Amino acid sequence: MALLFFLALLFGASYAQLTDNFYDQTCPRLPNIVRQQVKRAIETDIRAGAKLIRFHFHDCFVQGCDGSVLLEDAPGIDSELNGLGNLGIQGLEIVDAIKAAVESECPGVVSCADVLALAAKQSVDVQGGPSWRVLFGRRDSRTANRTGADELPSPFETLEPLKKKFEALGLDSTDLVALSGAHTFGRSRCMFFSGRFSNFNGTGQPDPTLDPTYRQELERACIDGETRVNFDPTTPDTFDKNYYTNLQANRGLLTSDQVLFSTPGADTIEIVNRLGSREGTFFRQFRLSMIKMGNIRPLTGNQGEIRINCRRVNELGGEAGHDVM
């Protein structure tokens, strides 16, 4: 009981140190700087928003929201970018551009972890989705966790393994369904779903939860495993509730998408129906779940550092970010 009480105090203290006004004095234009850079990225690459939110997801799911996903290989660093869950992840140069713009105005002040959290929010907002209050004060890790990146939620997973991975981070079934709704925009490579076309799970038949007409469309689109296909075949570049109506029509792209609606007796079915009923309902829950995810085990106070270059840790004894509160 004493240990549980201590852990509760520790988690609560970390959560409390994240605030929405953390940079009000030290980098007051931060939201505008990041939004401008996100809009610029989306204008040249419509997939930029989806790339940025994926980075935030994958960051928080491996040792907490600490910017560790951005670290490249270096002495003592086995990059998470090499992990199975990050194969093919893109957009590091977009993060670089955002961080450079922030550093130009507020040098050594804003962490890469906070840049990812704010960039994810701005990406959703710019492409028609909800806005929410981003809490700040995360600091950047000086370590990476390649093993953790190998164990990220997989596009091939069924519902129970997905739920267990979310539950391990304090996220429930509602969070799982709401956060999966980010697949309303972006693309996926065919290698991650072409196994549904035939001999699904060794049955000799296509995945029965994949609409036959949609399957044929996907087969025609998939020139090879590297071909990228829209997650949402209806409004692929807009953040809306169509992800859920697609699931209801057996037009979820990945196995990990469709199992939310097609697993018999699952509690997620009702959640899909609810979030798919009204866009406002989805947007409200997405906000709550994003804030919740963004507060998974942050480094705060004097933990970690404020990385100058998001791709590598600061050199000890050299220039480093400073405390802002």
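The values are calculated or read from the model by the stated rules, or taken from the named source; none is laboratory data. Because the structure is a prediction, the values reported are computed rather than measured. Positions of Cβ are backbone-derived with ideal geometry, glycine not excepted, and every protein chain shown enters the neighbour counts. Accessible surface areas use protein heavy atoms only, side chains included; no ligands, DNA or RNA. Shrake-Rupley method; radii C 1.70, N 1.55, O 1.52, S 1.80 Å.
Within region 101-176, the trypsin sites (Lys or Arg not before Pro) that combine a DSSP coil assignment with at most 13 other C-beta atoms in a 10 angstrom radius are 133. Counting 0.36 nm for each residue step from residue 281 to residue 248 and taking away their Cα separation leaves a gain of 10.2 nm. Taking every full run of DSSP H in the chain, the ones that stretch at least 15 Å from end to end by Cα along their long axis and average 0.0 or higher on the Kyte-Doolittle scale are 2-16, 48-60, 92-105, 112-126. Against the set [x] 60, 57, 42; [y] 61, 52, 41; [z] 67, 35, 35, the structure's computed Cα extents along the principal axes in Å falls on [y]. When the GluC sites (Glu not before Pro) in region 206-280 are filtered for DSSP coil states and for at most 13 other beta-carbon atoms within 10 Å of their beta-carbon, the remaining sites are 226.
What number comes out for accessible area per residue over the chain if the probe is 1.4 Å? Units Å², please.
Computed with neighbouring chains in place, this is 44 Å² per residue.
Exceedance of the 29 Å cut-off in Cα-Cα distance is limited, within the set 121/163; 51/241; 99/163; 99/164; 51/165, to 99/163; 99/164. Each residue, residue 19 and residue 235, gets one label point 7 Å from its Cα in the Cβ direction; the gap between the two is 3.7 nm. Applying 0.36 nm per residue to the separation of residue 273 and residue 26 and subtracting their alpha-carbon distance, the gain on full extension is 84.6 nm. Give a quick list of trypsin sites (Lys or Arg not before Pro) in region 230-313 that DSSP marks as loop, anything other than H, G, I, E or B, with at most 11 other Cβ atoms within 10 Å. Filter output for region 230-313: 278.
Computed with every protein chain present, the accessible area of residue 58 is close to 30 Å² [probe 1.4 Å].
Using the basic label-point model (7 angstrom from Cα toward the beta carbon), what is the residue 45 to residue 104 distance in nanometres? Calculated label separation equals 1.8 nm.
Within the accessible surface of the chain, defined with a 1.4 Å probe on protein heavy atoms only, the carbon and sulfur portion equals 54 percent. Could you check which residue among 171, 70, 87 shows the biggest mean-square fluctuation in a GNM of the chain with a 10 Å Cα cutoff? Between 171, 70, 87, it is 87 that shows the largest mean-square fluctuation. The label-point distance for residue 158 and residue 143, in a model that sets each label 7 Å from Cα toward Cβ, rounds to 3.5 nm. Counting 0.36 nm for each residue step from residue 72 to residue 203 and taking away their Cα separation leaves a gain of 43.1 nm.
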